[in-house]
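Data first, discussion second: the structure below is written as structure tokens.
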Amino acid sequence: MRTFWGYKRSDGRIGIRNHILILPCSVCASDTTRIIASQVKDAVTFNNQLGCSQVGIDHEYTMDTIAGFAANPNVYGIVLVSLGCENAQLHLVKEEIEKRTNKTIKSLIIQEEGGTLKTIEKAVRYAKEMSEEAALLRREEFPLSEIILGTECGGSDPTSGLSSNVLIGALSDKIVEEGGTTVLSETTEFIGAEHILARRAKNDEVRDRIFDIVHRYEKHILLNTGEEVREGNPSPGNKEGGLTTLEEKSLGCIHKGGTTTVNAVYDYSKQLKTKEGLVIMDTPGNDPSSVAGMVAGGCQIVVFSTGRGTPTGNPIAPVIKITGNRETYKKMPDNLDWDSSPTIYGEKTVDELANELFEEFIDFLNGKLTKAESLGYIETAIQRGCNFV
């Protein structure tokens with residue numbers, strides 16, 4: 001069994017990064033958290049564009065995602081910041097976090113602290129104290145069964161389905177073999193291939209859930225926009241790259257799930273389990289919101305294929321970028337971590353390249369920075385269900 005070096009959290013989960021999360025409860029606190037995080041070593045934040053004027057499932061998506069970010073094992077401690085009058089009230093967010101983890105949480109409400117500057121001053125002190133505590137932690141050795149791997153594809157072209165997604169699938173199989181969990185996402189990109197995934201379901205319940213999330217997604221888009229999902233997917237960039245239909249894109253997408261049994265289907269941003277093998281999360285095809293859902297679920301790391309090239313990252317989890325397009329890799333070396341094109345040109349087999357990727361994957365678990373991390377890419381979006389109220 002292979003191992004990696006990580007940080008054990010107070011709730012028993014294992015992280016591969018040691019972040020202090022400055023968490024904005026809503027859009028109105030996001031600029032404040034940006035300023036706070038810029039002043040503290042190892043602090044991270046993101047632009048939360050939601051958290052207010054939301055009801056029902058829309059509010060639930062936001063609460064599950066931001067609470068899930070806080071619970072992610074890559075986070076040591078959390079400084080919560082709210083404006084004070086948003087729907088995602090600070091005490092509600094704190095309650096949701098505490099359902100998921102027992103980490104240290106400090107809380108500040110801008111309207112009660114006396115404005116932005118006073119909030120920043122106090123929050124920076126809280127965060128620096130946490131950073132000092134986090135710095136005392138040392139990595140320990142753990143089995144790969146503690147890893148939850150997210151898989152994503154974006155800016156796809158035909159090389160994604162032919163090479164990079166196949167390579168990610170081979171990596172997924174290796175993680176499952178080691179006892180870990182891997183997550184297949186992007187429900188809209190199962191359309192036309194859902195019957196293939198359903199044949200791999202653990203039981204009738206999982207099979208029915210696969211069909212349900214796909215058909216529900218299609219109906220939701222049609223009812224709310226009057227448009228077919230195929231009007232927006234494949235995207236213009238996908239088409240320019242050579243993908244012609246959504247079914248064609250889906251057949252490439254599901255390669256990321258490798259060859260093992262599908263054991264469960266999770267709703268967006270819900271808490272994932274370790275040691276569960278291959279599972280599915282019901283996410284949009286949109287890259288930042290899909291990645292956000294998996295990271296909120298507990299993924300410590302994400303592997304992301306892109307034929308056209310994309311800089312997407314995440315504030316909580318490292319995102320490894322792989323392309324099967326040799327020209328894209330030459331054009332965007334600052335953004336891409338891996339070139340899988342040797343499998344297309346017959347220079348290496350999938351197994352040979354998968355073994356190489358597996359070794360470097362462990363390096364990333366042990367602390368090696370991805371290109372997105374080095375550049376500081378943290379773009380984040382959260383799935384939406386309805387209009388603002």
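The values are calculated or read from the model by the stated rules, or taken from the named source; none is laboratory data. In this text, all values refer to a predicted model and were calculated from it rather than measured experimentally. Here the Cβ positions follow ideal geometry from the backbone for every residue, glycine too, while neighbour counts run over all protein chains shown.
Quick notes on this one:
- In region 10-49, the qualifying residues are those that are assigned to a helix (DSSP H, G or I) and of a type in the set (S, T, N, Q), and the one that is surrounded by the most Cβ atoms within 10 Å (Cβ to Cβ) is 33.
- Region 50-66, subset in a helix (DSSP H, G or I) and polar (S, T, N, Q), residue surrounded by the most Cβ atoms within 10 Å (Cβ to Cβ): 62
- Counting the residues of region 34-60 that are in contact with a Phe, Trp or Tyr (Cβ under 6 Å, 6 or more places away or on another chain) and under 12 Å from residue 383 (Cβ atoms) gives 0.
- Scope region 111-143; condition closer than 30 Å to residue 294 by Cβ and surrounded by 21 or more Cβ atoms within 10 Å (Cβ to Cβ); matching residues: 123, 126, 127, 130
- Test: residue in region 65-88 that is in contact with a His (Cβ under 8 Å, 6 or more places away or on another chain) and farther than 20 Å from residue 315 by Cβ: yes
- Selection status of residue 295, in a strand (DSSP E or B) and either within 21 Å of residue 360 (Cα to Cα) or out of contact with any strand residue (DSSP E or B) (no Cβ under 9 Å at 6 or more places or on another chain) (or both): no
- Which listed residue, of 375, 369, 365, 353, is in contact with a Phe, Trp or Tyr (Cβ under 7 Å, 6 or more places away or on another chain) and either outside the structural domain of residue 270 (by TED's automatic domain parsing) or of a type in the set (A, V, I, L, M) (or both): 365
- Any hit, region 253-262, residues being within 12 Å of the chain's Cα centre (by Cα) and either outside the structural domain of residue 68 (by TED's automatic domain parsing) or among the acidic types (Asp, Glu) (or both): no
- When residues of region 315-355 are limited to those that are hydroxyl-bearing (Ser, Thr, Tyr) and in a helix (DSSP H, G or I), the one nearest to residue 157 (Cα to Cα): 328
- Enumeration of residues in region 129-176 that are acidic (Asp, Glu), in contact (Cβ under 8 Å) with a residue 40 or more places away in the chain and in a helix (DSSP H, G or I): 133, 146, 173
- Subset of region 196-214 [more than 14 Å from residue 257 (Cβ to Cβ) and either surrounded by fewer than 19 Cβ atoms within 10 Å (Cβ to Cβ) or not assigned by TED's automatic domain parsing to the domain that holds residue 323 (or both)]: 203, 204, 205, 208, 211, 212
- The residues of region 144-179 that are within 20 Å of residue 8 (Cβ to Cβ) and surrounded by fewer than 23 Cβ atoms within 10 Å (Cβ to Cβ), listed by number, are 144, 145, 178, 179.
- Among (1) in contact with a strand residue (DSSP E or B) (Cβ under 9 Å, 6 or more places away or on another chain); (2) surrounded by fewer than 18 Cβ atoms within 10 Å (Cβ to Cβ); (3) of a type outside the set (Val, Ile, Thr) - the single one residue 369 does not satisfy: (1)
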